[in-house]
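Asker: Below you'll find the structure I mean.
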Amino acid sequence: MFPDRVLSGMRPTGALHLGHYHGVLKNWLRLQSEHPCLFFVADWHALTTHYEAPEDIERNVWDMVIDWLAAGVDPAQATIFIQSRVPEHAELHLLLSMSTPLGWLERVPTYKDQQEKMTDRDLATYGFLGYPLLQAADILIYRATLVPVGEDQVPHVEMTREIARRFNHLYGREPDFEEKALEALKKLGGKRARLYQEARTKYQEQGDEAALEQAHALLQETQNISMGDRERLFGYLEGGRKIILVEPDALLTEASRMPGLDGQKMSKSYNNTISLREDADSVTKKVRTMPTDPARVRRTDPGEPEKCPVWQLHQVYSSEETKDWVQKGCRSAGIGCIECKQPVIDAILKEQEPMRERAQTYLDDPALVRNIVADGCEKARKLAQETMREVREAMGLNYS
Ligand code: TRP
Ligand code: SF4
């Protein structure tokens, strides 16, 4: 399809913790070195559920950006921006809403699930129903091909694909499409044009998916054609319409197995987290007071690591050698629990050290963060505006 581009967003709901780091952020760090990446703060999405408490949003937005930067998201590699600073997202959301069947939105599993879970607020709102459509606009406006998300968000990406397909179907028609596609084909040059035609025939006559992939790759390598011609040539491979909005793929982020302080998955709702930049004293205290195997009442009672949440943290942080020491020392009552916890404390502090350092730079000079985000917003906005020009034209809204 269009060149690979990664897009992901996070709602600004408070300080990120080590579960986010081990689950989502480490994944972003890898992606930013492999593809062009756009990472944004989904502040409007936060409002769909927290519309009654907007006063926290501003602080949460900046804290989250600092958390990202602290974790190593690199503004030289990735574009970091805020959703509400690119108002084109709202325009696309509105335009897509015209043709989005209500049933598609009502059927998204998070709609009913969240309504049932968040009983403390009224989510029978227009904005909340539109949550996945706003997300679709976030994705489609950048023609993102790869969307790293957790499992619960996969249905949103699936719906985004349907929205794109429907849009292209409704608005990708041109009266003289075939002629224009053939004109565009000429611009590819003799050899490429021939390869394109061969692949198209193989795909259309024999359903050869590999040939379709080859043609996509060929178009992806081609630099010297206009956006409109690119849309036509992508569309012409499969049928008689332009491909204006690109169907993205979900990149499933493996569920973080990061255990929290009580052995359950680390999560704000379990109140068992260590935040990304939590200060050293507090980390030490939290780990020291973690529950252990209840069988170890006295120091001389042997224990069983499998029944201890501290052991789960060793599995994330410790070397084979240390783990061996824990297993033996615990089962023989050779070590005490405080002693056993120390390597975990040390490892967490070591992991956080570069994060705290990076964060400090930004806390000392908030203008730095503002500039990174201003830059990112500007870059994102250019891309968004390019897509919106195409969208408006396709929908007949390009009159002046
Ligand atoms: N809904 C996502 C979440 O709760 C956040 C989000 C908003 C998002 N827009 C997005 C994620 C676009 C990926 C792409 O986690
Ligand atoms: Fe848990 Fe370590 Fe104590 Fe064993 S020695 S109960 S593994 S903290």
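The values are calculated or read from the model by the stated rules, or taken from the named source; none is laboratory data. As the structure is a prediction and not an experimental result, all values here were calculated from the model. Ideal geometry is used to build each Cβ from the backbone, glycine not excepted, and the neighbour counts take in all protein chains shown. SASA here: full protein model, heavy atoms, side chains in, ligands and nucleic acids out. Shrake-Rupley method; radii C 1.70, N 1.55, O 1.52, S 1.80 Å.
Asker: Tell me the angle of helix 227-238 to the major Cα principal axis of the chain, expressed in degrees between 0 and 90 and rounded to the nearest ten.
Answerer: 90 degrees
Asker: Given the rule -39500 (n - 2.57) for each run of at least 4 DSSP H residues, summed and divided by the residues of the chain, what is its mean residue ellipticity at 222 nm, to the nearest 500 deg cm²/dmol?
Answerer: Theoretical 222 nm ellipticity from helices: -18000 deg cm²/dmol.
Asker: Another question about this same structure. Say R0 is 45 Å: what FRET efficiency, to the nearest 0.05, do Tyr399 and Val316 get from their beta-carbon distance?
Answerer: 0.15
Asker: Still on this model: Work out the charge dipole of region 277-363 with +1 on the Cβ of Lys and Arg and -1 on the Cβ of Asp and Glu about the Cα centre, then indicate which of Cys308, Ser318, Tyr362 is farthest towards its positive end.
Answerer: Final value for the positive-end residue is Cys308.
Asker: In degrees between 0 and 90, to the nearest 10, how far off the longest principal axis of the chain does helix 209-221 point, with axes built from Cα atoms?
Answerer: Between helix and principal axis, roughly 90 degrees.
Asker: In percent, how large is the relative contact order of region 193-272, given Cα pairs closer than 8 Å and 6 or more residues apart?
Answerer: It comes to 17 percent, rounded to a whole number.
Asker: Another question, if that's okay. Exceeding 29 Å between C-alpha atoms, which entries from my cross-link table qualify? They are Lys285/Lys328; Lys265/Lys285; Lys180/Lys382; Lys117/Lys323; Lys26/Lys242.
Answerer: The answer is Lys117/Lys323; Lys26/Lys242.
Asker: Have a look at the DSSP beta bridges in the chain and tell me what percent are antiparallel, nearest 5.
Answerer: That works out to approximately 10 percent antiparallel.
Asker: Residue by residue, what Karplus-based ³J(HN,Hα) values in Hz, rounded to whole numbers, does region 275-284 have, using 6.51, -1.76 and 1.60 with θ = phi - 60° and x for Gly and Pro?
Answerer: Coupling constants for region 275-284: 6, 3, 10, 4, 6, 4, 4, 5, 4, 4 Hz.
Asker: On to the next question. At 1.4 Å probe size, with every protein chain present, just tell me what the per residue accessible area of the chain comes to in Å².
Answerer: On a per-residue basis, 49 Å².
Asker: How much accessible area does Phe40 have with a 1.4 Å probe, in Å² rounded to the nearest 10?
Answerer: 10 Å²
Asker: OK, next. Assuming 0.36 nm per residue, please report the length gained on full extension of the stretch Ser267 to Thr289 beyond their Cα-Cα distance.
Answerer: Length difference between fully extended and current span is 6.1 nm.
Asker: Arrange the residues His45, His169, His93 by how much accessible surface each exposes, largest first, with a 1.4 angstrom probe.
Answerer: His169, His93, His45
Asker: Give me the distance in nm between label points sitting 7 Å out from Cα along the Cα-to-Cβ direction at Gln385 and Glu158, one decimal.
Answerer: Spacing of the two 7 Å Cα→Cβ label points: 3.8 nm.
Asker: Given a Förster distance of 22 Å, report the FRET efficiency between Arg166 and Gln204 from their Cβ-Cβ distance, rounded to the nearest 0.05.
Answerer: E between Arg166 and Gln204, to the nearest 0.05, is 0.50.
Asker: In whole Hz, with x marking every Gly and Pro, tabulate ³J(HN,Hα) for region 307-313 from phi via Karplus 6.51 cos²θ - 1.76 cosθ + 1.60, θ = phi - 60°.
Answerer: Listing the rounded values in order: 9, 10, x, 5, 4, 4, 6 Hz.
Asker: Pop out the carbon and sulfur fraction of the accessible area of the chain as a percent, whole number, probe 1.4 Å.
Answerer: Result for the chain: 49 percent of the exposed heavy-atom area is carbon or sulfur.
Asker: Expressed in nm to one decimal, what extension gain is obtained for the pair Ile338 and Glu353 from 0.36 nm per residue of sequence separation less their Cα-Cα distance?
Answerer: That pair, Ile338 and Glu353, stretches by 3.2 nm at full extension.
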